[in-house]
1. Run down VAL273, VAL208 and say which single residue is assigned to a strand (DSSP E or B) and under 21 Å from the mean Cα position of the chain (by Cα).
2. Mind listing just one residue for me: the one in the stretch 203-222 that is under 16 Å from VAL241 (Cα atoms) and surrounded by fewer than 24 Cβ atoms within 10 Å (Cβ to Cβ) and, of those, farthest from the ligand (Cβ to nearest atom)?
3. Which of the residues that make up the stretch 1-23 are under 23 Å from the mean Cα position of the chain (by Cα) and assigned to a loop (DSSP other than H, G, I, E, B)?
4. Going by the structure shown, is TYR32 assigned by TED's automatic domain parsing to the domain that holds LEU167, in contact with a Pro (Cβ under 6 Å, 6 or more places away or on another chain) and of a type in the set (Phe, Trp, Tyr)?
5. List the residue pairs whose Cβ atoms are under 8 Å apart, where the first residue sits in the stretch 146-168 and is more than 21 Å from ASN64 (Cβ to Cβ), the second is at pLDDT 95 or above and within 16 Å of the ligand (Cβ to nearest atom), and the two are 6 or more positions apart or on different chains.
6. Just to be sure I understand, how many residues within the stretch 44-58 are in a helix (DSSP H, G or I) and among the charged types (D, E, K, R)?
7. Name every residue in the stretch 188-200 that is away from the ligand (no atom under 12 Å from the Cβ) and crowded, with 24+ Cβ neighbours inside 10 Å, in order of residue number.
8. In the stretch 59-87, what count of residues is obtained for those that are assigned to a helix (DSSP H, G or I) and within 10 Å of the ligand (Cβ to nearest atom)?
Amino acid sequence: MKPIDLRSDTVTRPSPEMLAAMSRAEVGDDVYGEDPSVNRLEELAAEKLGTEAALFVSSGTQGNLLGVMTHCTRGDEYIVGQKAHTYRLEGGGAAVLGGIQPQPLDFETDGTLDLVKVASFIKPDDIHCARTRLLCLENTMGGTPLPLDYLGQAARLATKHRLNTHLDGARIFNASVKQEVSVQAISRHFDSISFCLSKGLGAPVGSVLCGSREQIQKARRWRKVLGGGMRQAGYLAAAGVYALENNVQRLAEDHANAALLARGLAEVEELEVESSSARTNMVFVKMDQEAAGRLTAHLKKQGIIIQGREDIRLVTHLDVCRKDIASVLEAVKAYFARGK
Ligand SMILES: *Cc1c(COP(=O)(O)O)cnc(C)c1O
């Protein structure tokens, strides 16, 4: 039996159709700029996000690092959320490899950074201070899209203070599908955007950094420095093209499945489900750490994989269907009914 893996939307395997597209891919040496499939992916991504250019990269981490390293240089700083992936979960790459200091700020409850606070943390032009150059946001944030009017306000603040803007848009397509707007309604507010092909879009590997021609040229150089110049990468890029052409609108199914899961779990007395109709493909459940450990072990025996301690994050994706949600709810309800 195929396991139902709710740990992350990164766990998907390419579908037979995606694999067929990959095996048919025309390839060349991308370090020479000669891989037609990589070139096609980069053109398609730039067209979709409305930027001049794009660069196929190995991961979201690499996309964000290149984003920060092309806007900032040694001695600069970027403003970022305290719990943002870029700050917290990417090994401090910008500091380690770029000499770029983060200025982390607490998020508001809706995943935004308070723009008054952001402005107050922009350093003056003073030899004592790092040069504040960049504002970095994340969308979706904890599975929730940022409000569209906020994006406009953030962009105006950045322009006013001559900051560049980078969006960690790992799940930007989830946001656009959920908000029923074009992805450009989100991306147009940023100088650069990194998005993941290997999350909800279902490709096995890769992300894309989108930005101006000049920025992408710089990023191409840094990518090579980082060892990210890949040769016949078109086999992977073909999966990305397939994903962009076929797997965007269907994200709505993942959102519906997550909502179904949240509603079902909320019926279980022992579980505290964070309910929000704004969420996309994630459900958060709070429970006592020991109880969470027991539930995780029990579900594993039934082929249902979850993770987390007090805060369990359940993520829906292409390899989880509606029937799987019913199976999960049945298993969880049966587990809690045992002792009664
Ligand atoms: C997954 C993720 C990334 C990084 O992607 P990797 O491909 O795992 O390096 C960046 N930001 C957010 C918000 C993510 O969820």
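The values are calculated or read from the model by the stated rules, or taken from the named source; none is laboratory data. Note that the coordinates shown come from a computational prediction; the quantities given were computed from them, not determined experimentally. Note: ideal-geometry Cβ built from the backbone for every residue, glycine included; neighbour counts use all protein chains shown.
1. Within the list VAL273, VAL208, the selection yields VAL208.
2. First, the residues of the stretch 203-222 that are under 16 Å from VAL241 (Cα atoms): 203-210.
Filter once more, keeping what is surrounded by fewer than 24 Cβ atoms within 10 Å (Cβ to Cβ): 204-205.
Working: PRO204: 11, VAL205: 9 Å.
Taking the candidates together, the pick is PRO204.
3. Hits for the stretch 1-23 are LEU6, ARG7, SER8, ASP9, THR10, VAL11, THR12, ARG13, PRO14, SER15.
4. Numbers: assigned by TED's automatic domain parsing to the domain that holds LEU167: yes; in contact with a Pro (Cβ under 6 Å, 6 or more places away or on another chain): no; of a type in the set (Phe, Trp, Tyr): yes.
Considered against the rule, which asks whether it is assigned by TED's automatic domain parsing to the domain that holds LEU167, in contact with a Pro (Cβ under 6 Å, 6 or more places away or on another chain) and of a type in the set (Phe, Trp, Tyr), TYR32 comes out as no.
5. Note: pairs meeting the criteria are PRO147/THR112; LEU148/ILE186.
6. 2
7. In the first step, residues of the stretch 188-200 are kept if they are away from the ligand (no atom under 12 Å from the Cβ); the result is 188-192.
Hits for the stretch 188-200 are PHE190, SER192.
8. So the answer is 8.
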